[in-house]
Amino acid sequence: MRTYHIETFGCQMNEHDSEGIAGILSGLGLSPVPTPEEADVLVLNTCSVRDKPQRKVFSRLGQYEQLRSSPGDRLIVVAGCMAQLIPDEIRERSPGVDLVIGPRAYGELETAVRRLMQGDATPQRVLTRCAPDAVPIPYRRESPLRARVDVMYGCDNHCAYCVVPRARGEEVSRQPDAVLREVEQLVAEGVVEVTLLGQNVNSYGRGLEPRVDFADLLARLDGIEGLQRIRFTTSHPKDVSPRLIRAMAQLPSVCEHLHLPIQAGSDRVLERMGRGHTAQQYLTLVRAVRETVPGLSLTTDVMVGFPGETREDFEATLALFEAVRFDQAFMFRYNDRPGTRADEMTDKVPEEEKQARFIELVRLQNGIAREVNEAHVGEVLEVLVEGRDPKNPEKARGRTRQNKLVIFPADEDLTGRFVHVRAVEARLWGWLGDIPNTVQSW
Ligand code: SAM
Ligand code: SF4
Ligand code: F3S
């Protein structure tokens, strides 16, 4: 066995876990290859948040089994949230899977894969929940400039529609010293931007001794020399504290971007979802953050067609979107997930109605996002250049502190540099830009 291929579904946590899986497999002497056909070890890092990515995984498993010329010819590993939630279904539907491993068990991945590589053909299932940092994971990160860093695992919120708490387990925070050491090491290796990850970073520190909260963690990270940008995701509106808002305003490396999922604009729906706040509380919070953090970009998650959502409820979502004017929104049609409270609710919204509401909301939000970006045309923005634009290699692409994309012509390779770029033409995702003659890069 010499090569591996990982396909990742789902959120940033899974993307980051895949960097850990890649590091562990590299440590076993395997090299990454771009296609499954070339790989000896095939890994699917799966997501259960909606039905579609699950179905895709089962069809991929069928294709992977077809690639085998004889049993044991390649190893097939299913990792991630599906592995934790439906290990039996995976084994039944895809008997050729060698290893099913849950998202909190990667501390045991090396041993499990080593055993399989040594010829032990017994299929394995590892669903243990390792304590944070019990086994250091040798992440093999995608970017030398920007790194994701876990600050906590799991979720204790139990929103009525969501499988994440069962897939990822109870909420546990990493010790601040462990996070600090990891980020210091990354910065020493050249990283200039980190994204701190957790399902609800605002409750970071719950259960840790001595007491610490997310604002404290940001302050400690902000003190690291050479770290230019700190981002974090996801924030839960009910746990955003005045201390966090102040920290965002005062700490120079904390970026002016807040991802703050609203999920619905109607109080009745928010209540049935179990979100723990009202639309008015959300609007008050948004006002407070915007007043305190100039230049803030605000993004959200929302779903339409939650059980019992009436036309009037949906109009409350439209009204909230018009009132807030989000920079960007990740929009979803509610999807029944087995084992959730919402799945048991009987007043489901018909699929056609969900689709119609979805289109209406996407249309509204796309118009808003474009207008928001148009208002910044002509401004000069600080862009961290990530590299060439894959579609236009004569152009460079990078992101602003607000996490918006900017694509602009560049003769030289500016990768890793901070460049002042003028926003010339608004797009949904950011701007096409140019470098004004009078400004410098650094
Ligand atoms: N922890 C984050 C939060 O509280 O907002 C996000 C977690 S989830 C991985 C990402 C998004 O998927 C959610 O914000 C929600 O909008 C969406 N989502 C979760 N369950 C869903 C479901 N059953 N149907 C449709 N969308 C769902
Ligand atoms: Fe799911 Fe709610 Fe936890 Fe987010 S806060 S992961 S939506 S249960
Ligand atoms: Fe999916 Fe698990 Fe993330 S269910 S969205 S990969 S936490």
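Quick one: divide the alpha-carbon radius of gyration of segment 143-255 by 2.2 N^0.38 Å and tell me what you get.
Ratio of Cα Rg to 2.2 N^0.38 Å: 1.05.
When only DSSP loop residues count, what GluC sites (Glu not before Pro) in segment 150-194 have their Cβ near at most 15 other Cβ atoms within 10 Å?
When the GluC sites (Glu not before Pro) of segment 150-194 are filtered for loop state and at most 15 Cβ neighbours within 10 Å, Glu170, Glu189 remain.
So in the chain, which Cys have no other cysteine's beta-carbon sitting under 4.7 angstrom from theirs?
Lone cysteines by the Cβ rule: Cys11, Cys47, Cys81, Cys130, Cys155, Cys255.
Of Leu283, Gly378, Val362, whose Cα points farthest to the positive end of the dipole of the chain (charges on the beta-carbon: +1 Lys, Arg; -1 Asp, Glu; origin at the Cα centre)?
Leu283
Relative to the present Cα-Cα distance, how much length would full extension add between Thr292 and Glu38 at 0.36 nm per residue of separation?
Separation in residues times 0.36 nm, less the Cα-Cα distance, equals 86.2 nm.
Where does each of 398-406, 324-332 land if you order them by average Cβ count within 10 Å, highest first?
Highest mean packing first, the order is 398-406, 324-332.
Mind putting a number on the dipole of segment 3-126 about its Cα centre? Charges go on the C-beta only, +1 for Lys and Arg and -1 for Asp and Glu, and I need it in Debye to the nearest 20.
Magnitude of the dipole: close to 280 debye.
Would you mind listing how long segment 259-375 runs along its three principal axes, going by Cα atoms, in whole Å with the largest first?
44, 28, 24
What percent does the relative contact order of segment 143-255 come to when contacts are Cα pairs within less than 8 Å and at least six residues apart?
27
Over segment 259-375, calculate the relative contact order: mean separation of alpha carbon pairs under 8 Å at least 6 apart, over the residue count, as a percent.
29
Can you pull the three principal axis extents for the Cα set of segment 19-171, in Å, largest first?
45, 34, 28 Å, listed from the longest principal axis down.
Report, in debye and to the nearest 20, how large the dipole of the chain comes out about its Cα centre when Lys and Arg carry +1 and Asp and Glu carry -1 on their Cβ.
200
Just the Cα atoms of the chain: what Rg and Dmax do they give in Å?
Here Rg and the maximum Cα pair distance are 22.5, 66 Å.
Is there a quick way to get the dipole size of segment 259-375? I mean about its Cα centre, with the Cβ of Lys and Arg at +1 and of Asp and Glu at -1; what is the value in debye to the nearest 20?
So the magnitude is around 260 debye.
Evaluate E = 1/(1 + (r/R0)^6) for Ala219 and Gln66, where r is the Cβ-Cβ distance and R0 equals 60 Å; express this FRET efficiency to the nearest 0.05.
Calculated value: 0.70.
Could you work out the relative contact order of the chain? I mean the mean sequence separation of Cα pairs under 8 Å and 6+ apart, divided by the number of residues, in percent.
9
Let me check something: with ligands and nucleic acids excluded, how do Asp301, Asp267 order by accessible area (1.4 Å probe), largest to smallest?
Of Asp301, Asp267, the descending order of accessible area is Asp267, Asp301.
At a Förster radius of 35 Å, what calculated FRET efficiency corresponds to the Cβ-Cβ distance of Arg211 and Thr111, to the nearest 0.05?
With a Förster radius of 35 Å, E is 0.50.
Can you work out ³J(HN,Hα) from phi for every residue in segment 175-182, in order, using Karplus 6.51 cos²θ - 1.76 cosθ + 1.60 and θ = phi - 60°, giving whole Hz and x for Gly and Pro?
5, x, 5, 5, 5, 4, 4, 4
Could you work out what % of the accessible surface of the chain is carbon and sulfur, using a 1.4 angstrom probe and leaving DNA, RNA and ligands out of the count?
With neighbouring chains kept in place, the figure for the chain is 49 percent.
With r defined as the distance between the Cβ atoms of Lys56 and Arg2 and R0 fixed at 30 Å, what FRET efficiency is calculated, to the nearest 0.05?
Working from the Cβ atoms, E equals 0.65.
The values are calculated or read from the model by the stated rules, or taken from the named source; none is laboratory data. For clarity, every value in this text was computed on a predicted model and none was experimentally measured. Methodologically, a virtual Cβ is constructed for each residue, glycine included, from the backbone with ideal geometry; neighbour enumeration extends over all protein chains shown. Note: areas computed on protein heavy atoms with side chains; ligands, DNA, RNA excluded. Shrake-Rupley method; radii C 1.70, N 1.55, O 1.52, S 1.80 Å.
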